[in-house]
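Peer 1: If you scroll down you'll find the structure; I have some questions about it.
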Amino acid sequence: THVTPPHSTIRPGFPVPVNTNNPEVRRAARFGVYRYNNSSNDLFLFKESQIKEAMVQIVRGLKYMLHVEIKRTVCEKRDHPSLDSCHFQREKNLQQMLRCYFEVWITPWTHKVHIPVSHCH
């Protein structure tokens, strides 16, 4: 997949703000959520509820720096459904929201995604 830079005036190495509704930003946020779900001991899967802030930096690929709110869904991990079909938890005592910071490094020509930073609280 070819990823076009958010604007043509970007110089490599300088992080710049990017629209949180950008499809590539949303895809990067989902990679961060996958990373969180794979490392958490929660019974349920979490899904991004809101991307609060997004920056992108051109460094041998694209490095996204994302501030994302994630919420617990009704989908249990062991069922492995698609996150797109998972709805957020409705039961008050099961609802949980976390604020996360993800750094997602995508090198499109190698089809690799690396997530060096994943902090949620």
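The values are calculated or read from the model by the stated rules, or taken from the named source; none is laboratory data. Source: prediction; values computed, not measured. Neighbour counts run over all protein chains shown; Cβ positions are idealised from the backbone, glycine included. With ligands, DNA and RNA removed, areas are computed over all heavy atoms of the protein, side chains included. Shrake-Rupley method; radii C 1.70, N 1.55, O 1.52, S 1.80 Å.
Peer 1: What does the charge add up to near residue 100, with Lys and Arg as +1, Asp and Glu as -1, over the other residues with Cβ less than 15 Å from its Cβ?
Peer 2: Summing Lys/Arg as +1 and Asp/Glu as -1 gives +3.
Peer 1: Turning to a different aspect of this structure: What does the charge add up to near residue 31, with Lys and Arg as +1, Asp and Glu as -1, over the other residues with Cβ less than 15 Å from its Cβ?
Peer 2: Summing Lys and Arg as +1 and Asp and Glu as -1 gives +3.
Peer 1: Let me ask you something else. Nearest 20 debye, what's the magnitude of the dipole of the chain about its Cα centre given +1 on Lys and Arg Cβ and -1 on Asp and Glu Cβ?
Peer 2: Result for the chain is approximately 120 debye, rounded to the nearest 20.
Peer 1: A further question follows. Taking the Cβ of residue 69 as the center, what net charge do the other residues with Cβ under 12 Å away carry, scoring Lys and Arg +1 and Asp and Glu -1? The partial results should precede the final answer.
Peer 2: Numbers: positive: 47, 52, 71, 72, 99; negative: 48, 53.
With Lys, Arg at +1 and Asp, Glu at -1, the net is +3.
Peer 1: Whenever you get a sec, compute what percent of the accessible area on the chain sits on carbon and sulfur atoms (1.4 Å probe).
Peer 2: 52 percent
Peer 1: Rounded to the nearest 500, what is the chain's calculated 222 nm mean residue ellipticity when only DSSP H runs of at least 4 contribute -39500 (n - 2.57) each, over all residues?
Peer 2: That calculation yields -4500 deg cm²/dmol at 222 nm.
Peer 1: In square nanometres, what is the average projected area of the Cα convex hull of the stretch 15-120?
Peer 2: 6.8 nm²
Peer 1: Right, something else. Between 111, 96, 36, whose Cα lies farthest towards the positive end of the dipole of the chain when Lys and Arg beta carbons carry +1 and Asp and Glu beta carbons carry -1, centred on the Cα centre?
Peer 2: Highest projection toward the positive end goes to 111.
Peer 1: Right, something else. Keeping all protein chains in place, calculate the accessible area per residue for the chain (probe 1.4 angstrom), answer in Å².
Peer 2: Per-residue value: 62 Å².
Peer 1: Just to confirm the number: angle between the C-alpha axis of helix 23-39 and the first principal axis of the chain, 0 to 90 degrees, nearest 10?
Peer 2: Helix 23-39 sits at roughly 50 degrees to that axis.
Peer 1: Just order 49-57, 105-113, 91-99 by mean Cβ neighbour count inside 10 Å, highest at the front, would you?
Peer 2: 49-57, 105-113, 91-99
Peer 1: While we're looking at this one, here's another question. So, in the stretch 15-120, how many Lys pairs have Cα atoms under 23 Å apart, if the pair is 8 or more places apart or on different chains?
Peer 2: Pairs that pass both the separation and distance tests number 10.
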